[in-house]
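The values are calculated or read from the model by the stated rules, or taken from the named source; none is laboratory data. Note that the structure is a prediction, hence the values are computed from the model and not measured. Don't worry about glycine lacking a Cβ; one is built from the backbone with ideal geometry, like all the others, and counts go over all protein chains shown.
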Amino acid sequence: MEIKYAERKDTAVIFSFIKELALYENMLDQVVATEELLEEWLFEKKAAEVIFAVEDGREVGFALFFHNFSTFLGRAGIYLEDLFVLPEYRGRGFGKALLRKLAQTAVERGCGRLEWACLDWNKPSIDFYLSLGAKPLDDWTVYRLTGDTLRKMAE
């Protein structure tokens with residue numbers, strides 16, 4: 001098993017993983033990203049980073065992450081937007097290896113935390129995260145503005 005950072009040439013693979021994750025989460029109809037948008041935002045604007053879990057030269061899992069900031073800690077953190085391992089490779093340590101690499105990256109960069117969100121119905125992932133010692137934040141609710149609501153707010 002190898003963990004490697006994605007490069008521009010990997011954009012199609014990243015997009016494939018995003019669609020696989022969306023299919024798993026029953027949200028494929030919400031994917032409006034394109035390879036061109038991903039290439040722009042990941043490799044030109046450098047808004048996020050991607051790492052892959054690789055076995056025998058094949059990408060079998062990915063994690064997409066970016067820096068956020070904690071005013072209370074006074075330092076950046078890492079926010080894990082997506083973590084996905086192909087179904088036939090689950091249970092073999094790839095997800096844990098990706099999270100370990102993210103934890104190492106957070107420590108190396110002096111970050112104060114590593115955090116992510118998980119759908120409430122995704123019991124296999126929740127059980128996995130709890131087994132690693134992750135703690136759910138029960139006191140917080142995520143709010144979001146998108147689409148027309150976002151545009152109205154911007155006016």
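Among strands (runs of 3 or more DSSP E) lying entirely in the range 1-103, which contain 3 or more residues that are without any contact (Cβ under 8 Å) to a residue 24 or more places away in the chain?
Once the strands (runs of 3 or more DSSP E) in the range 1-103 are filtered for at least 3 residues that are without any contact (Cβ under 8 Å) to a residue 24 or more places away in the chain, what remains is 58-70.
Of all residues in the range 105-128 being over 14 Å from the mean Cα position of the chain (by Cα) and of a type in the set (Phe, Trp, Tyr), which is nearest to TYR5 (Cα to Cα)?
So, considering only residues that are over 14 Å from the mean Cα position of the chain (by Cα) and of a type in the set (Phe, Trp, Tyr), the one nearest to TYR5 (Cα to Cα) is PHE128.
In the set THR105, THR71, which member is surrounded by fewer than 13 Cβ atoms within 10 Å (Cβ to Cβ) and among the β-branched types (Val, Ile, Thr)?
THR71
Just need a number here: residues in the range 1-13 that are modelled with pLDDT of 95 or more and either more than 17 Å from the chain's Cα centre (by Cα) or closer than 20 Å to THR105 by Cα (or both).
Adding up the residues that qualify gives 8.
Criterion first (of a type outside the set (S, T, N, Q) and farther than 19 Å from VAL50 by Cα) does LEU80 satisfy it?
In short, no.
Among the residues of the range 83-90, is there at least one that is out of contact with any Asp or Glu (no Cβ under 8 Å at 6 or more places or on another chain), of a type in the set (A, V, I, L, M, F, W, C), surrounded by 14 or more Cβ atoms within 10 Å (Cβ to Cβ) and at pLDDT 95 or above?
Yes.
Within the range 104-128, track down each residue that is of a type in the set (A, V, I, L, M) and part of a helix (DSSP H, G or I).
ALA106, VAL107, ILE126
Please go through (1) at positive phi; (2) free of Cβ contacts under 8 Å to residues at least 12 places away in the same chain for GLY110 and return the number of the only condition it doesn't satisfy.
Among (1) at positive phi; (2) free of Cβ contacts under 8 Å to residues at least 12 places away in the same chain, GLY110 violates only (2).
Condition first: within 28 Å of LEU86 (Cβ to Cβ) and either assigned to a helix (DSSP H, G or I) or in contact with an Asp or Glu (Cβ under 8 Å, 6 or more places away or on another chain) (or both). Now tell me which residues in the range 129-155 satisfy that.
Answer for the range 129-155, where residues must be within 28 Å of LEU86 (Cβ to Cβ) and either assigned to a helix (DSSP H, G or I) or in contact with an Asp or Glu (Cβ under 8 Å, 6 or more places away or on another chain) (or both): TYR129, LEU130, SER131.
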